[in-house]
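Below: one structure, written as structure tokens.
The values are calculated or read from the model by the stated rules, or taken from the named source; none is laboratory data. Being a predicted model, the structure only gives us computed values, none of them experimental. Note that each Cβ is placed from the backbone with ideal geometry, even for glycine, and that neighbours are counted across all protein chains shown.
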Amino acid sequence: MMQLEPNLGALAWFCLLWSACCISFLQLVGMYPLQRRSAAAVIAATLLWIALAAGTIKFAAVELRWSTIVVVGGVLFLFLPELFQALPLRWRDGRAGLAMSGCVMIVALVVLAQVAPSSLHTWLA
């Protein structure tokens, strides 16, 4: 395994953070268009998602091999919609789901700030 990816700790964090990005993305896609939704909450969640996705990609680019990023990120993006479909409908399409998704993204951003190398701390701050 070390020949494939020597930094297994960073790989585990990437899997967790990218999973949060993918699930949150699926949550947000269902919130658009904004005609019948709370526009401010959806836009705030979208901005959180953009920050989390950019930070996760930057973390992966610094810590992991590009081949690992492509393979692991692709596999997660391929299979996480099944997990998302297993969530109850009120969590997938509603205010409760949007609030839960926002909380997950905030926690993921805090985790990212803690595990990111010092070179990323200036970018995240």
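Some observations on this one:
- In the condition set (1) in contact (Cβ under 8 Å) with a residue 24 or more places away in the chain; (2) of a type outside the set (Gly, Ala, Ser); (3) in a helix (DSSP H, G or I), residue 43 is compliant with all but (1).
- Yes/no for residue 77 being within 19 Å of residue 5 (Cβ to Cβ), within 13 Å of the chain's Cα centre (by Cα) and in contact (Cβ under 8 Å) with a residue 12 or more places away in the chain: yes
- Per the conditions (1) of a type outside the set (Ser, Thr, Tyr); (2) without any contact (Cβ under 8 Å) to a residue 60 or more places away in the chain; (3) surrounded by fewer than 18 Cβ atoms within 10 Å (Cβ to Cβ); (4) over 20 Å from residue 110 (Cα atoms), the sole criterion not satisfied by residue 83 is (2).
- The number of residues in the stretch 82-97 being in a helix (DSSP H, G or I) and either modelled with pLDDT of 80 or more or farther than 18 Å from residue 46 by Cα (or both) comes to 10.
- Among residues of the stretch 5-36 being without any contact (Cβ under 8 Å) to a residue 60 or more places away in the chain and assigned to a loop (DSSP other than H, G, I, E, B), the one that is farthest from residue 92 (Cα to Cα) is 6.
For (1) within 20 Å of residue 9 (Cα to Cα); (2) at pLDDT below 85; (3) surrounded by 18 or more Cβ atoms within 10 Å (Cβ to Cβ), each residue gets a yes or a no:
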{"residue": "33", "(1), (2), (3)": "no, yes, no"}
{"residue": "38", "(1), (2), (3)": "no, yes, no"}
{"residue": "49", "(1), (2), (3)": "no, no, yes"}
{"residue": "55", "(1), (2), (3)": "yes, no, yes"}
{"residue": "59", "(1), (2), (3)": "yes, no, yes"}
{"residue": "112", "(1), (2), (3)": "yes, no, yes"}
{"residue": "116", "(1), (2), (3)": "yes, yes, yes"}
{"residue": "123", "(1), (2), (3)": "no, yes, no"}
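- Flag if residue 38 is farther than 29 Å from residue 4 by Cβ and among the polar types (S, T, N, Q): yes
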